[in-house]
Amino acid sequence: MKGPIQMKPDHTLNGRTEHMNNTDTAARAIRSWLGIPYASAERFRRPILLPFNPVLPYDQKGPAPLQPGDNSWLEADNGFSEDCLNLNVWAPEDAGDEPLPVIVYIYGGGFERGANTQTTSNASGLAATGRAIGVSLNYRLGPFGWLSLSQYGGAFTDATNLGLQDIITALRWVQENIARFGGDPQNVTVTGHSAGAFSSIALLAAPAADGLYQRLAAFSGGASRIVPAWWAEELANTFLTELGITDDPEQLLTLDGKLLAETLVKVNPRDIGDRNGIDNTTIGIVNDHSQTGGVLADTPLRVLESGRHRDVDILFSTATNEGDWWVINATEQFDPGSIDNLVDELVTKSRIPRSRARRIVAAYDVNGRTPVEVRGALLTDYLYTLPAARAALAHAAAGGNAHLLAVGPVEGAPAVHGTEMYGIVGQQRPQHSDEQAIRDTFVRDALLDFAAGKHDRLWNSVTTEPITHGIGNPPFDPTAHAAEVLRIFAGIERP
């Protein structure tokens, strides 16, 4: 890998100057470079790193990744394209001569939707504090980034975890170029929400990413949600069957891209339980270590247990009511209908013995909860709290530094999946309450302190206990709750 070009920012670079309104400081001037191409990639091929061209203006957002549905909420000013491998950089105008920590943000969206164009990917809020360089990247989505096709060979030899390969290539770009913008390539924190968090933690298991980052901060996603290789192949087969090209997969190279995106959504399981059961029958990061061109060497949790990355600091954050997003917004589809059906789900989707599944469900069937509320509370812990606590404990046991954070509700904002997305990038939710502003600012500042290695400004790290700091108004003691979740699910495997 090439070393940094220079350790002082290049103030002659083209870029747009903006003034940011910060929640606890006066307006700060920042410089932005939008839509920088970091790689090129043909359909279903690995990304090729591109050099940085300093003479271009970079004053417009780049294309967002091609994806299904109506995505006006993504603020994609320059549309959607398969040619989407671009990133944004934000730096304080008065950063000085000392290189700043770099925070690279990876958006979520179930590996199907999202972009670096949306407000909740706008890391200018981090740069506006004067304490960090913010970077937000695009990666390929849906069939283009996460459909496993390497088993077909030929033109598809590279097609495994392509979205993760995109992310790794963007981090290589950061290593080679971020010093130009005032960033320290030897102090890179990768953070993300949901799919972005799962992707951040997956870097631990990808040897190609070694040395490209020093810290990981995962919000609402831990060392879990890994897709087994057998399902990845089955989904590809189902996808080809739906398109009517099972005997001629190379037609994928020329079929309309929007058709491919919409078809994968049509055949891909939609329920959050399918997306997070022990077999994880959906798209996402594939456990491809035994496949042609595999990107992962093992699962992230096993890598943490091995201590191979004990030198990487890790922060895991979860919201106290993650699953209630689906309770509130997708009640009919999310409702199991009965407690017995919820027991059946644990048996069939996670292969938990029925007697044990009944005991697990009973632990959540309290306080007059309806079946849909029971499922929301149970899946909050099974899909988010449990993997975060287990991963943090494994990292600490191997000699690493891990912090756990629980984000609780505040006035005007319940603690559901996505509640902290604004704070991660230093933004404020429109029409926010005072409590929301305090919560979002805490998330921002905790991430900045973490990225700077200022552990003395954080709460206590995890030891042999899942020490968890709570913010907002958590409905329980976060450390005691994490310990109880570990007890409830003791011995239950999570992928």
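Let's test the formula: R0 of 35 Å, r as the Cβ-Cβ distance of residue 359 and residue 157. What FRET efficiency results, to the nearest 0.05? Provide the component values of the computation, followed by the final result.
On the way: r = 47 Å, r/R0 = 1.34.
It comes out at approximately 0.15.
Remark: the chain carries a charge dipole of roughly 780 debye about the Cα centre, counting +1 on each Lys and Arg Cβ and -1 on each Asp and Glu Cβ. With the simple model of a label 7 Å out from the Cα in the direction of the Cβ, residue 333 to residue 310 spans 4.5 nm.
If you take every DSSP beta bridge fully contained in the chain, what fraction is antiparallel? Give it as a percent rounded to 5.
On the way: 18 of 53 bridges.
Around 35 percent of the beta bridges assigned by DSSP in the chain are antiparallel ones.
Taking amide H atoms as placed 1.01 Å from N in the peptide plane, the amide H of residue 286 lies under 5 Å from those of 161, 227, each 5 or more residues away in sequence or on another chain. Please name which of 416, 168, 14 has its Cα lying farthest along the dipole of the chain towards the positive end, using unit charges on Cβ (Lys, Arg +1; Asp, Glu -1) and the Cα centre as origin. Result: 168.
How long are the three semi-axes of the equivalent ellipsoid of segment 316-405, in whole Å, if each is the root of 5 times an eigenvalue of the C-alpha gyration tensor, listed from largest down? Present the calculation step by step, with values, prior to reporting the outcome.
On the way: eigenvalues 140, 53, 21 Å².
Equivalent ellipsoid semi-axes, largest first: 26, 16, 10 Å.
The base-10 log of I(q)/I(0) for the chain, evaluated at q = 0.08 Å⁻¹, reads -0.45 [Debye formula, identical scatterers on Cα atoms, solvent excluded]. Assuming charge only on the beta carbon of Lys and Arg (+1) and of Asp and Glu (-1), the dipole of segment 124-242 about its Cα centre is about 460 debye to the nearest 20.
Net charge of the neighbourhood of residue 419, taken over other residues with C-beta under 13 Å away and scored Lys/Arg +1, Asp/Glu -1, is -4.
State the extension gain, in nm to one decimal, for the chain segment bounded by residue 53 and residue 455, taking 0.36 nm per residue of separation less the distance between their alpha-carbons. Can you show the working numbers first?
Numbers: separation 402, 0.36 × 402 = 144.72 nm, distance 3.67 nm.
Using 0.36 nm per residue and subtracting the Cα-Cα distance, I get 141.0 nm.
What is the gain in length, in nm to one decimal, between residue 72 and residue 98 on full extension, counting 0.36 nm per residue of separation less the C-alpha to C-alpha distance?
Result: 5.4 nm gained on full extension.
For residue 391, neighbours were defined as the other residues whose beta-carbon sits under 15 Å from its Cβ, and their charges (Lys and Arg +1, Asp and Glu -1) total +1.
A full extension of the chain between residue 241 and residue 341 corresponds to an added length of 32.9 nm, given 0.36 nm per residue minus the alpha carbon distance.
Spin-label model, residue 258 to residue 297: label points 7 Å out along the Cα-to-beta-carbon direction sit 4.4 nm apart. Residue 472 sits among other residues whose Cβ lies under 11 Å from its own Cβ, and their net charge, with Lys and Arg +1 and Asp and Glu -1, is -3.
For residue 133, the residues 5 or more places off, or on other chains, whose built amide H falls under 5 Å of its own are 102, 103. Over segment 309-463, the Kirkwood radius and the radius of gyration, each from Cα atoms, give a ratio Rg/Rh of 1.03.
What ranking do 366-376, 150-160 get when scored by the average of other Cβ atoms within 10 Å per residue, highest first?
150-160, 366-376
With a Förster radius of 25 Å, plug the Cβ-Cβ distance of residue 40 and residue 186 into 1/(1 + (r/R0)^6) and report the FRET value to the nearest 0.05. Plugging the Cβ-Cβ distance into 1/(1 + (r/R0)^6) gives 0.40.
Kirkwood radius and radius of gyration were both taken over the C-alpha atoms of segment 198-245, and their ratio Rg/Rh is 1.17.
Projecting the Cα atoms of 100, 379, 400 onto the dipole axis of the chain, where Lys and Arg carry +1 and Asp and Glu carry -1 at the beta carbon, places 400 farthest toward the positive end. Each Cα pair under 8 Å and six or more residues apart adds its separation to the average, and for the chain the resulting relative contact order is 14 percent.
Here the simple spin-label model places points 7 Å from the Cα toward Cβ, and for residue 464 and residue 16 these points are separated by 5.5 nm.
The residue 366 and residue 274 beta-carbon pair, evaluated with R₀ = 30 Å, returns a calculated FRET efficiency of approximately 0.70.
We did not get these values from a lab; they are worked out from the coordinates using the rules stated. Keep in mind the model is a prediction, meaning the values are calculated, not measured. Virtual Cβ from ideal backbone geometry, glycine too; neighbours counted across all protein chains shown.
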